[in-house]
Amino acid sequence: MEEKDIYLLITQYLLKQTSTEENEFLADWITALPQNEQTFEEIKVSWFDVKSADKEDSLNALQKLNQIIDEQEVKVKRSNKQFILKWTMLAATIAIVGVIALIVISSQDLAPTAPVYLQKVSKAGEIKTFYLVDGTKIILGPKSMLKYPAAFEKHQRQVELIGEAYFEVSKNPHKPFTVRTDDLSINVLGTHFNVNATKNENLTTVSLFEGKVNVNVIDDHDEEYKLKPGQELVLNRSNHQVYQHVLDSANVMGWMTNTLVFNNEKLSDAAKKIEKMYGVKLVFDDESTAETRVFARFENDALNDVLEIICSTGNLSYRNDGNKIYIMNKK
């Protein structure tokens, strides 16, 4: 896409006239290069500045911008290529602001631009890695969803998570980063941490590897807990009990390396990890089978190998039926 088309796309985005596909393309363009993000932010700031002005102020702003571009034209004639590039970017930005000013002049009753949200969704057995507009790296776990704005607000960065994800947050002391789940609000400035907020599971977990994190429990009057590197906070959703302890990095990060770690877990709990990693459904013949304890570790093992070892240590058997795995006690 040519440069002029990018600026037109930004204008359409600010006018809420872009499709989901165009929003995703714009988000990818913004994160591709630091100067792209800077250009987008400058245009967005100019948009809101001019859009909030009255007709006379808009005309004055446009005149001042035209004076700036006239001055830059004189300088360009005696400058190098790098300066020419900067001038080109400035000229394009000014052109956009000119369009914005004309829009404001012609219609003062435009509604404020509502944030445009994007989603990344992963299937069972699928891991997705991507970057947000601020440079934050996210690794989205299987059967998870992250909702995030195409562009962050001026003073905050907020995303919503269902499932599991690992975050490497780009540092910005003036714009805190918040991850919201159904139960928790995790607030950071710049850090590395993992969040597991999988639906239909009893525990929500925040594991901190680097930096500092403040965790607020939404249903407990926003009670705040502070985590240090190497610590983990676990919320029991059924009784709202909060636990804070040293994390087991191999267990926490296993999903990123196709590693399963079971430390004397109930088979019913282990099944949830197996289902997410391999995209299957485990069905037990009775409660005693589901209560079987599992102590094992698997690294990049095939599903049948995992099932064979679990069943052999628990006096169990299994059979496949499509994507369903039936597990039963040996008679």
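Being at pLDDT below 95, assigned by TED's automatic domain parsing to the domain that holds residue 138 and among the charged types (D, E, K, R) is not true of residue 285. Do the conditions hold for residue 251, that is, is it crowded, with 16+ Cβ neighbours inside 10 Å and at pLDDT below 90? For residue 251, the condition - crowded, with 16+ Cβ neighbours inside 10 Å and at pLDDT below 90 - is met.
Among the residues of the stretch 133-161, the one identified as among the basic types (Lys, Arg), crowded, with 20+ Cβ neighbours inside 10 Å and touching a Leu at 6+ places or on another chain (Cβ under 9 Å) is 157. Summed over the stretch 142-182, the residues that are in a strand (DSSP E or B) and of a type outside the set (D, E, K, R) give a count of 15.
Restricting 68, 103 to those that are surrounded by fewer than 16 Cβ atoms within 10 Å (Cβ to Cβ) and either at pLDDT below 50 or assigned by TED's automatic domain parsing to the domain that holds residue 180 (or both) reduces the list to 68.
Among residues of the stretch 183-195 being more than 19 Å from residue 220 (Cβ to Cβ) and either in a strand (DSSP E or B) or touching a Pro at 6+ places or on another chain (Cβ under 7 Å) (or both), the one that is modelled with the lowest pLDDT is 189. In the stretch 167-215, the qualifying residues are those that are farther than 26 Å from residue 37 by Cβ and among the hydrophobic types (A, V, I, L, M, F, W, C), and the one that is farthest from the chain's Cα centre (by Cα) is 203. The condition of being among the basic types (Lys, Arg) and either surrounded by 13 or more Cβ atoms within 10 Å (Cβ to Cβ) or in contact with a Lys or Arg (Cβ under 6 Å, 6 or more places away or on another chain) (or both) holds for only one of 226, 273, that being 273.
The values are calculated or read from the model by the stated rules, or taken from the named source; none is laboratory data. Being a predicted model, the structure only gives us computed values, none of them experimental. Cβ sites come from the backbone with ideal geometry, for glycine too, and all protein chains shown count toward neighbours.
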